[in-house]
Structures are given as structure tokens and as C-alpha cells.
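Have a look at the structure below, then the notes.
Every number here is computed from the coordinates shown, using simple stated rules; none is lab data. Nothing here was measured: the structure is a model prediction, and the numbers come from that model. Please note: Cβ atoms are built from the backbone with ideal geometry, for glycine as well, and neighbour counts cover all protein chains shown.
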Amino acid sequence: MYKFPVPAREIIGRIRKEFPFLAWKRYRLIDHGWDHFVIVLDGKIVFRTPKDVRYRRELKNEIGLLSYLKKKIEVGIPDYKYVCRDRTLAGYDIVPGRELTLARFRGLTAREKGTVARQLARFITALHSTPRSVLKKYHVRRDDPRKRWSKYARDMKRMLFPRMRRAEIDAVTRFLDEQKRESDRRIPFSLVHR
């Protein structure tokens, strides 16, 4: 894939080669993400490319999953319109709107808040009702809460308990026990947003 540090010019060169019909004046590289480099063209088009080989398949699957979801979801989600032949570089028109911050939400009328709540509820319902066959088709990663909590508890005991007082250890132990009981429940596999 790319050698570090990744020159934005290398990614821009790929965009020009794959999509010669696109024109822009400015671009911005976002390289601090976990798994992809992002290039934003004139604040209008977003391109993503995997940082390494592990994420190649994930981008291909994301493109397919979002294509499926856009027919089911009323709110704006990325709609990949520009996909290179090897599917390691893909772009979409930026999703319009502004981030709904807490301050912005507080400034909404009761009616507007109700609209937002209904949109959010429909979005979450659509995610959670995505058929298992679709999740398998696009290789959606599974999260195992039992493994996650087991590791969390081990790390907590190893790193924090030596620095805590007995009463604090007892309180955290009760919390961890409660979380373990909760994570032991059978939770159906569903698509979630993080």
C-alpha cells in the first residue's frame, strides 16, 4: 500500500488517474484516523483509502453495506459514487448538514427535537433489523462482549487495583461482576453504529 509518511500527492495522483473528470482547487489530507487516509476535495468530495492491506477488504465491504443501507435509511449516509477498479480508493459527495452538538440540540424547539428523535429511532431500528445474511455477505466484524469484558477486568485488576484502596477495589469488583453477568446474556448479533 503506502509508505509512511504518506504524501498526499500520491493519493491525489491516484484520484486524478482514476477519476480524470473530477476537478478541484484545494484538498485536505486527514491522516490521523485508525484505518484509512481521507482526502477532502474542496470541502465537497471525500475520498478514503486503506492505510494497509488489512483494511482493503473492509473498504470493499463498507461500499456494499452502505449501498444496501441507503435504501433502508432516511438520514444521510455516505453514498460511494467514485470507486476505483481495485476498490482500494473510493469517494462520495460529502453528507450535507452540520454536526448535531449538544449545544445545537438544546437550541432546537420541542417539535424539532421530536423530529430528530424519530429520525434517530428509525436509523437505529434500520441498523438493528439488517438481516444476518447481509451482515455475513459484507463480513461485518462481530464483537464478543464476554471477551471484551474479560480483558477489561484483567487489565483493570492488573493495572489499577495495585493503586487503589480496599473500598475502591470492592466497588470496582462489584461493578465488574455486574458487567460480567450482563455480558453473559445471549445478545443477538446485529449491526450497530460506533
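The table for this structure:
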{"item": "The chain: relative contact order in percent, alpha carbon pairs under 8 Å with at least 6 residues between", "result": "16 percent"}
{"item": "Distant-in-sequence amide H partners of Val83 (H built 1.01 Å from N, under 5 Å)", "result": "Gly91"}
{"item": "Kirkwood estimate for region 1-119, i.e. one over the average of 1/r between Cα atoms, Å", "result": "16.1 Å"}
{"item": "Those aspartates and glutamates that a straight Cα-Cα span of less than 16 Å connects to Lys113, excepting residues fewer than 8 apart in one chain", "result": "Glu99"}
{"item": "Dipole of the chain, positive direction: furthest Cα of Thr88, His32, Leu120, with charges on the beta-carbon", "result": "Thr88"}
{"item": "Chain lengthening between Tyr68 and Lys180 when straightened (0.36 nm per residue, less Cα-Cα)", "result": "36.9 nm"}
{"item": "Derived scalar couplings ³J(HN,Hα) [region 87-100; Karplus, 6.51 cos²θ - 1.76 cosθ + 1.60; whole Hz; x for Gly, Pro]", "result": "6, 9, 8, 8, x, 8, 5, 4, 6, x, x, 10, 4, 8"}
{"item": "Low-density loop cleavage sites - GluC sites (Glu not before Pro) in region 57-151, where at most 11 other Cβ are within 10 Å (DSSP)", "result": "Glu74, Glu99"}
{"item": "Amide H contacts under 5 Å for His36, placed H, 5+ residues apart", "result": "Lys51"}
{"item": "GNM result for the chain, Cα springs below 10 Å: residue of Arg132, Arg85, Arg166 fluctuating most strongly", "result": "Arg166"}
{"item": "Environment charge at Arg122 (Cβ cut-off 13 Å; Lys +1, Arg +1, Asp -1, Glu -1)", "result": "+1"}
{"item": "GNM flexibility winner over the chain from Lys180, Lys70, Lys81 (Cα, springs under 10 Å)", "result": "Lys180"}
{"item": "Length gained when the stretch Trp24-Leu120 is fully extended (0.36 nm per residue, less Cα-Cα span)", "result": "31.2 nm"}
{"item": "Extension gain (nm, one decimal) between His128 and Arg111, 0.36 nm per residue minus Cα-Cα", "result": "3.5 nm"}
{"item": "Nearby aspartates and glutamates by direct alpha-carbon distance to Lys136 (threshold 15 angstrom, same-chain neighbours under 8 apart not counted)", "result": "Glu58, Glu62"}
{"item": "Over the chain: helical MRE at 222 nm, DSSP H runs n ≥ 4 each giving -39500 (n - 2.57), nearest 500", "result": "-14500 deg cm²/dmol"}
{"item": "For the chain, built as a Gaussian network whose Cα springs stay under 10 Å, the top-fluctuating residue of His139, His128, His32", "result": "His32"}
